[in-house]
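So the structure is just underneath, and the comments pick up after that.
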Amino acid sequence: QVQLVESGGGLVQAGGSLRLSCAASGGTFSNYVMGWFRQAPGKERNFVAATKWSGNTYYADPMKGRFTISRDNARNTVYLQINSLKLEDTAVYYCGAGTRWVELMRGEPDYWGQGTQVTVSS
């Protein structure tokens with residue numbers, strides 16, 4: 001059983017930056033594709049970005065440019081850097097882990113974290 005714990009969320013002014021972290025435990029980190037998702041108020045959860053053990057990354061089209069996913073395999077941690085934050089980035093950000101790349105990007109990871117709230121103010 002893999003446990004995922006997100007951190008780094010908070011209240012940020014528009015135009016600022018934030019780095020979210022997701023620490024994984026209870027499994028072999030190298031086995032998992034790691035991803036970030038977000039759910040805005042009243043909306044469904046959407047895929048943001050994912051990264052494989054090798055460091056290969058993939059982003060949802062709307063996220064390209066301001067979002068950067070990375071992973072530290074030695075620390076079993078995946079990060080999401082968000083720059084030039086916008087009001088519409090306000091959401092709960094979730095970390096997911098899965099063994100199947102396509103399923104994870106489709107929103108079907110094997111494991112979910114509890115989420116971290118990001119609120120962008122004007």
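The values are calculated or read from the model by the stated rules, or taken from the named source; none is laboratory data. Just so it is clear, the model here is predicted, and its values are computed rather than measured. Here the Cβ positions follow ideal geometry from the backbone for every residue, glycine too, while neighbour counts run over all protein chains shown. Heads up: the accessible areas ignore ligands, DNA and RNA and are worked out on the full protein's heavy atoms, side chains in. Shrake-Rupley method; radii C 1.70, N 1.55, O 1.52, S 1.80 Å.
At 0.36 nm per residue, and after removing the present C-alpha to C-alpha distance, how many nm does the segment from residue 25 to residue 87 gain when stretched out fully?
Here the answer is 19.1 nm.
Quote the charge dipole size of the chain about the Cα centre in Debye, to the nearest 20; the model charges only the Cβ of Lys and Arg (+1) and of Asp and Glu (-1).
On the way: 12 positive and 9 negative charges, 40 e Å.
Rounded to the nearest 20 debye, it is 200 debye.
Using Cα springs under 10 Å in a Gaussian network model of the chain, which residue among 65, 96, 55 shows the largest mean-square fluctuation?
65
How far apart, in nanometres, would the label points at residue 43 and residue 101 be if each is projected 7 angstrom from Cα along the Cα-to-Cβ direction?
2.7
Between residue 119 and residue 70, what is 0.36 nm times their sequence separation minus the Cα-Cα distance? Round to one decimal in nm. Before the final figure, lay out each step's value.
Working: separation 49, 0.36 × 49 = 17.64 nm, distance 2.18 nm.
Contour length minus Cα-Cα distance gives 15.5 nm.
Residue 40: net charge of surrounding residues, Cβ under 13 Å, Lys/Arg +1, Asp/Glu -1, itself excluded?
Working: positive: 38, 43, 45, 86; negative: 44, 88, 89.
Net charge around residue 40: +1.
Equivalent ellipsoid semi-axes for the chain, as square roots of 5 times the alpha carbon gyration tensor eigenvalues: give them largest first, rounded to whole Å.
For the chain, the semi-axes come out at 22, 14, 13 Å.
What share of all Cα pairs of region 34-102, in percent, falls into each consecutive 5 Å distance bin?
That works out to 3, 16, 29, 25, 16, 8, 2, 0, in percent per bin.
Can you tell me the order of 82-94, 99-111 when each peptide is scored by its average per-residue count of other Cβ atoms within 10 angstrom, highest first?
Ranked from most to least packed, the peptides come out as 82-94, 99-111.
Between residue 17 and residue 52, what is the label-point separation in nm under the 7 Å Cα-to-beta-carbon projection?
About 2.8 nm separates the two model spin labels.
Which value at 222 nm does the chain reach when only helices count, each DSSP H run of 4 or more adding -39,500 (n - 2.57), with the total divided by all residues and rounded to the nearest 500 deg cm²/dmol?
-1000 deg cm²/dmol
Averaged per residue, what accessible area in Å² does the chain show with a 1.4 Å probe, protein chains only?
50
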